[in-house]
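The values are calculated or read from the model by the stated rules, or taken from the named source; none is laboratory data. Please read all numbers here as calculations on a predicted model, not as lab measurements. No Cβ is skipped: glycine too gets one built from the backbone with ideal geometry, and neighbour counts run over all protein chains shown. Remember, those area values only see protein heavy atoms, side chains included, never the ligands or the DNA or RNA. Shrake-Rupley method; radii C 1.70, N 1.55, O 1.52, S 1.80 Å.
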Amino acid sequence: MKRVGWILVLAFFGFVAYGLRGRAHETAATPQAAPVAPGTWVVMPQDAQSMSTLEVHCVDAGVEPEVKSCKWFRNGTEVEGETGTSLAPGRFARDDVITAEVVPQDQSAPVRTAPVRIKNSAPRITAASADLRSDPSAMIFVQVSAVDADHDNIALSYQWYRNGRPMSDETGPSVNVRNFQMGDEVYASVTASDGKDSSAPEKSDPIKIGSNAPDITSTPPSTLEAGRRFVYQVQVHAPKPKEVKYQLVDAPEGMTIDESGLIEWTMPALDTNSHTYEVAIKVSDPTGGEAVQRFQLSTSALQPANTPANSSVQRSSNQ
């Protein structure tokens, strides 16, 4: 009996020792980022993505040393024509390994930075629109505009909400109006994924079931036309469309909308940077019913998802 007891004790301690060795091995196998010594030249940001602007910096240098020359390397090959201390998006892509070779002003020998691997960019939803028609048997559809900087295929997932609560069985791009009652507020939350990372959820503005408010049925463009112009004709479905009034409640400076709902804007010629602008259009009728369409306008090239670009639409009525 004593021999059995000693065997159990030895087995227990052997199991503990094995577990500790495994944990120590696991810790040793996980690479830890070593601290960067002051005066070391590095490529920033360390978590760069394909749309990041890369820059070379001297760590904790106080005053940044002047650079005599700089060369950039992508996967070991020199990037031709790039001799500045920054590297713009478009010269590298996801999974590329980037290094820089710097010759400081007070040195003659070049200094090579540690490599930086370009990380995946999560997709981004630029607009989500829930559209309800007046037909009582109609479906409520959500249409989404999403972009991915790495030009990956985008998969969309949906969750519908009724009066602020998720509907467990409604996870598709549409729901049937019969599922709701007069006065219910309905909206969809949409997430985009490229298979590696997901966007933040984006929800459409709520639609109130039974509302007689105008219905915005048109889809805004997501990019500029030639000549840096943006033109968008807002179209609505309303009992008395000629009495509908249009208003820009959020827009970049200089954007206009006329009495027919035609929006026009030309990007300032001196502005060559990429921007994303928030735009919101309010459409109202004489009864007090109104609809608000919101969307983002990007002045850079966008890669659309496999669904039509659209905006979020909020409809309300005082009737």
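Return the ratio Rg/(2.2 N^0.38 Å) for the stretch 108-235, where Rg is computed over Cα atoms only.
1.43
Sort out for me the Cα centre separation of the stretch 183-206 from the stretch 36-64, rounded to whole Å.
35 Å
For the stretch 189-290, state the average projected area of the convex hull of the C-alpha atoms over all orientations, rounded to one decimal in nm².
The Cα convex hull of the stretch 189-290, projected and averaged over all directions, gives 8.8 nm².
What distance in nm lies between label points placed 7 Å from Cα along the C-beta direction at Ser168 and Asp197?
Once both label points are built, they end up 3.3 nm from each other.
Which FRET efficiency value, to the nearest 0.05, is calculated for Ala155 and Lys242 with the Förster distance at 35 angstrom and r the Cβ-Cβ distance?
0.25
Give me the percent of the accessible area of the stretch 200-281 that comes from carbon and sulfur atoms, probe 1.4 Å, all protein chains in place.
Percent of accessible area from carbon and sulfur atoms in the stretch 200-281: 48.
Using 1/(1 + (r/R0)^6) with R0 = 30 angstrom and r between the beta carbons of Ser189 and Gln235, what's the FRET efficiency to the nearest 0.05?
0.70
With +1 on the Cβ of every Lys and Arg and -1 on the Cβ of every Asp and Glu, and nothing else charged, how large is the dipole of the stretch 144-263 about its Cα centre, in debye rounded to the nearest 20?
That gives the stretch 144-263 a dipole magnitude of about 460 debye.
7 Å from Cα along Cα→Cβ at both Val79 and Ala37: what's the point-to-point distance in nm?
Going from the Val79 label point to the Ala37 one covers 2.7 nm.
I need the per residue convex hull volume for the stretch 46-162, using only the alpha carbons, in cubic angstrom as a whole number.
In the stretch 46-162, the Cα convex hull volume per residue is 163 Å³.
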